[in-house]
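Comments concern the structure below.
Computed from the coordinates by the stated procedures, all read-outs in this text should not be read as laboratory data. Only a predicted model underlies this, so the values are computations on that prediction, with no experimental measurement involved. FYI the Cβ positions are ideal-geometry reconstructions off the backbone, even for glycines, and counts take in every protein chain you see.
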């Protein structure tokens, strides 16, 4: 069973195992620097479906089926699936996974959802509440833009701090520690984040809204464990982009925590910012999910990365809350993965 | 640690304890048959806030603080809070709980959310992943109506199968089994539900959309445990209302499972259908949460109910999915509570 270390961190003693993973993305993501690592790249933004929302559901469905296939498991081998997305009432997850007949626990952590689903799934497998679980999330540029910002047809101009919602899904199969084989990746520890809100109101600057939560969760984790950034090969934030990444490093430096040598951000990795016109970088649940469930897993399995702190970051606003004058709260959850 | 029984059920061996509970409701709910059992009834639909959404956040905040108070605990004693609601991006939870500084895990199970949060919180406390947790959810008639159906000013006519979204929040503090004292209520077992979809498309008939999922989860539970309806004092569904309750009993009778002697539904309990013009009954996350966290808890603590199967039911649709021609998937999660 898990051991609490300090106030906010859980050490997993049995250490759940990543049995399979997969990432399915859109055209722009496939053309980015990590294109070769994704399992499936779709050129059609609708994936042959009639709407973008249904296309996003399909991204999630395909990612789960591919991850199950790599794990050598079937849907009936999975005890529960933890899934979420950015759409109202999490319909990408609901409709994408409806046919799988797996006990379904919908999660909402905005863009922190991959870390949240992976972390909760790990607690379930560690504790014996489940033998095999799946964690999955997705986002889609077109379904997100029209829900959160403007109709795409409007062609609204984007500000320099804006980020590009990735059309992507990532899924992981997390299995019971009893099944661990040589060379597999394990989940070692977790920290669940508290909501932070420093009063940022600019919905086109999510990186700034989320950076304080990432700083808080990371500070909590280092405080609880006594570790420092140098103990890890990479500290991987979800989708802070360039603005949020700079802010995160600045905030942490106030506490003399220097992550600059090991920090990277999925939002800065998924696109080539010089060529792909994504302004401050990528974002969306699917951004960190797809980067983690492709390039990062591969680097770990090939021995190039051993100790990875994955820090999913989410902005917990809605268009309604912004219209009502609210600021943008952030949250960040941390998962320590080891190869 | 929990033991899996059959394919879908978890028996909790240590048995987490309900340390505190509270329900905060609106005027109509306060005037209903359970009015005297709620901790707080608000006559103002906005609770003094500027919008209904902010009022709903406040319902949730008050319910948590009251439940913590009854448990004799502070926010800093809670290791994580599991919260969700019906609003887009779960903003009632986010903004209502933002100031509590408790690690936050957003949940989306539509109206099944009280069962989902309680069940996951129980797995966390049972396994030692948390010592004290909180499960909370809310709904608000006005914020839900305008988001899911029509502007209130429009005065749209409601169909006979329609249900009335409760303005209500319910919260529970779930504590480590080590703290159990004489006479406390414990969480004994859980079943997480699979998504069902029999093709219902009428968004004004949620009871019909959710009944098959309730039937499936209950059938799974009886199959896994070998129990029958007679083993329980009450089988309490969340918000099936009159139409869904009748359908649930009919569906179960096809498998020769007769729950008629012990079945009740929070949606049928919270209002007086003869006097309060709620058509098929109450609904919303807050409906089952408030009934469970008031009247049911009190009946259990007073020795009038011993064994309660609480079955939260959710309709996993959105206005967008319905506009795109989709049917309404349902899900139901089960928690067995014992006094």
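Annotations for the structure displayed:
- Ranking of B:52, A:164 by neighbouring Cβ atoms within 10 Å, starting from the fewest: B:52, A:164.
- Across A:66, A:198, A:292, mean-square fluctuation computed from a Gaussian network of chain A (C-alpha pairs under 10 Å connected) peaks at A:198.
- For q = 0.12 Å⁻¹, Debye-computed log10 I/I(0) when each Cα of the stretch B:3-178 counts as one equal scatterer: -0.56
- Label-point distances for residue B:182 to the equivalent site in the other copies, using a point 7 angstrom along Cα→C-beta, read 5.9 nm when ranked shortest first.
- DSSP-defined beta bridges in chain A - what % are antiparallel, rounded to 5: 65 percent
- Dimensions of the stretch B:170-311 based on its C-alpha atoms, expressed as ranges along the principal axes with the largest first, amount to 47, 37, 26 Å.
- Counting only the Cα atoms, the protein assembly as shown fills a convex hull of 136 Å³ per residue.
- Sorted from nearest, the other copies put their residue B:150 label points 3.3 nm away, the label point being 7 Å from Cα in the direction of Cβ.
- Pseudo-label separations to other copies for residue A:43 - Cα-to-Cβ vector, 7 Å, nm: 6.8
- A:172, A:300 arranged by Cβ crowding within 10 Å, fewest neighbours leading: A:300, A:172
- Hydrodynamic radius of the stretch B:284-339 per Kirkwood, over alpha carbon pairs, in Å: 13.2 Å
- The C-alpha atoms of the stretch B:1-81 occupy a region whose extents along the principal axes are 47, 32, 24 Å, arranged from largest to smallest.
- For chain A, relative contact order (Cα pairs under 8 Å, six or more residues apart, normalised by length) works out to 25 percent.
- In chain A, the DSSP-assigned H stretches of four residues or longer account for a calculated mean residue ellipticity at 222 nm of -9500 deg cm²/dmol, using -39500 (n - 2.57) per stretch and the full residue count as denominator.
- Cα gyration tensor category, rounded, prolate or oblate, for the stretch A:140-226 with a/c compared to 1.5: oblate
- Once C-alpha pairs closer than 8 Å and six or more residues apart are averaged by separation and normalised to the residue number of the stretch A:183-338, the relative contact order reads 39 percent.
- Structural descriptor for the stretch B:247-312: relative contact order 21 percent, calculated from alpha carbon pairs under 8 angstrom and at least 6 residues apart.
- Here the stretch B:38-192 carries DSSP beta bridges of which approximately 45% are antiparallel, counting only pairs with both residues inside.
- Highest-fluctuation residue, A:237, A:196, A:51 considered, GNM on chain A with Cα pairs under 10 Å: A:51
- Segment residue B:43-residue B:204, extension gain: residue separation times 0.36 nm, minus the distance between their alpha carbons: 55.3 nm
- Stokes-Einstein D for chain B, Kirkwood Rh over Cα pairs, 20 °C, 1.002 mPa s (µm²/s): 111 µm²/s
- Nearest beta-carbon to the B/A symmetry axis - residue in chain B, distance in Å: B:127, 2
- 10 Å Cβ neighbours from other chains, averaged over peptide A:91-103: 6
- Residue with peak Gaussian network fluctuation, chain A [Cα springs, cutoff 10 Å], from A:326, A:153, A:49: A:153
- The tail of the calculated P(r) for the stretch B:107-172 beyond 18 Å holds 50 percent of all Cα-Cα pairs.
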